[in-house]
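Undergrad: Okay, handing you the structure first.
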């Protein structure tokens, strides 16, 4: 599998210390960054747009040997498959050899900047490999000829491609067991050239806008490779409509289309002829509240570009796209409005190059927008835009909520997972489909010819879970002992 053996690390030792603290206090500790506002319960995580999918498992693979400071270890290397929400299938390779892949993990299409690829100078070479090998090149005879071998099976092609990717994604010393797969890996590694990061399958730019009612807020620009997208208007938004630059309602769009939120003007006092709440095209609309928010969603069916990264907040290893069927993709944007006070538009994205979560705030109001995060007060002046970098530790989960003037909560959740071999998990992996022993140590003259099956690995939460379980057993035993002594005294 693409998640292999990994040596004990500082992260694993840290988890053990956390587990020991939980055992000593009898409490389970969650390392979550949280800042909740009064409407936090209403907040939903913000999506970056694109495809979302569920990990199915390792489907086409061969054997490889990983060489590290603890020895040589057999692993499996090849193609994973994921089922896209709404329809479609993805084929991926992994770019994180030391972390396990969790079966049924939820994945989200992610820019390279939000993964280890963002700080990897060889990320462009990985994209070249994807475009010049299996499954993008499905003529195995032609691929074999380029690699200088006579025949390649699908398993050889998948294993050789994965090994070449690992050499660039993780800087790993890894070899394919099959000689043909190894020659393919060498050919791909030495032939690779830099290629640019592919564009998102579907996104809205920016994902948040704000302003005052009685006009159009935006624009929000559609970015997609699909021929067309469906525009879903806000639900129960009190007359808010999605329109084009001409003010007419929009139900479909294409790449480059600019969309606007048409926000009704709230009548003040008695409604008269000038407060009839007519839209720009003369059709009546329902007055809305003075402050509020609305959300639009765009949907499309398209192939996701090869080279797009996919990440999971469940700490399942990062994947990179090798092939896509026609798949359902989506993106969401939010508009916030108010008559007075701060009117913020909020969005966030991971920045792996700096180890931060970058929160972008645009304040279209007439007062500063202030909030407290991680014990630090922040203020964005009226009419200004600021990007606030929140420093996070590797693998640190975050979950916090910022609240707008209407009480709407914008929630940001995730895990900063930016490193590969520097953040190895201190447990060995097992199989995705069936339990299996740890990867087999490989010695000279003892190279295995058959691969271990792909493995769903443990994580550094395993010691924590074990410690919490032990803590509960100790507490239970103590309670039974006290009860027994009490009954003995009474007798």
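All of the numbers you see were taken from the coordinates with simple rules; none came from a lab. All figures in this text were calculated on a predicted structure; none of them were measured in a lab. Using ideal geometry, Cβ is built from the backbone for each residue, glycine included, and neighbour counts are taken over all protein chains shown.
Undergrad: Taking the simple approach of a point 7 Å from Cα along Cα-to-Cβ for both residue 173 and residue 248, what is their distance in nm?
TA: My value for the distance between the label points is 6.7 nm.
Undergrad: Given contacts defined as C-alpha pairs under 8 Å and at least six residues apart, what's the relative contact order of the range 38-167, whole-number percent?
TA: Once divided by the residue count of the range 38-167, the mean separation gives 29 percent.
Undergrad: Let me ask something else. For 75, 242, what's the fewest-to-most ordering of other Cβ within 10 Å of each Cβ?
TA: 242, 75
Undergrad: If R₀ is 51 angstrom, what is the calculated FRET efficiency for the pair residue 191 and residue 382, using the beta carbon separation as r and rounding to 0.05?
TA: Efficiency, from the Cβ-Cβ distance: 0.40.
Undergrad: Defining a contact as two alpha carbons under 8 Å apart and six or more residues distant in sequence, what relative contact order in percent does the range 96-241 show?
TA: Reported as a whole number, the value is 21 percent.
Undergrad: With r defined as the distance between the Cβ atoms of residue 236 and residue 258 and R0 fixed at 35 Å, what FRET efficiency is calculated, to the nearest 0.05?
TA: 0.90
Undergrad: Subtracting the Cα-Cα distance from 0.36 nm times the residue separation, let me have the gained length for residue 227 to residue 358 in nm, one decimal.
TA: 44.0 nm
Undergrad: Taking a virtual spin label 7 Å from the Cα of residue 141 along the C-beta vector, which residues in the range 169-197 bring their backbone nitrogen under 20 Å of it?
TA: Under 20 Å, as judged by backbone N against the label point of residue 141, lie 180-181, 184 of the range 169-197.
Undergrad: In Å and from the alpha-carbon atoms only, list the Rg and Dmax of the range 308-363.
TA: 16.6, 49
Undergrad: Any chance you could run the full-extension gain for residue 89 through residue 121? It's 0.36 nm times the residue separation minus the Cα-Cα distance, nm to one decimal.
TA: Full-extension gain reported as 8.6 nm.
Undergrad: Next question, about the same structure. For each of 257, 230, count neighbouring Cβ atoms within 10 Å of the residue's Cβ, then give the residues from fewest to most.
TA: Ordered from fewest to most neighbouring Cβ atoms within 10 Å, 257, 230 come out as 230, 257.
Undergrad: Between residue 389 and residue 81, 0.36 nm times their residue separation minus their Cα-Cα distance comes to what?
TA: Extending this stretch completely gives an extra 107.4 nm.
Undergrad: What nm value, rounded to one decimal, do you get for the distance between residue 290 and residue 340 when each label is placed 7 Å out toward the C-beta?
TA: Spacing of the two 7 Å Cα→Cβ label points: 0.6 nm.
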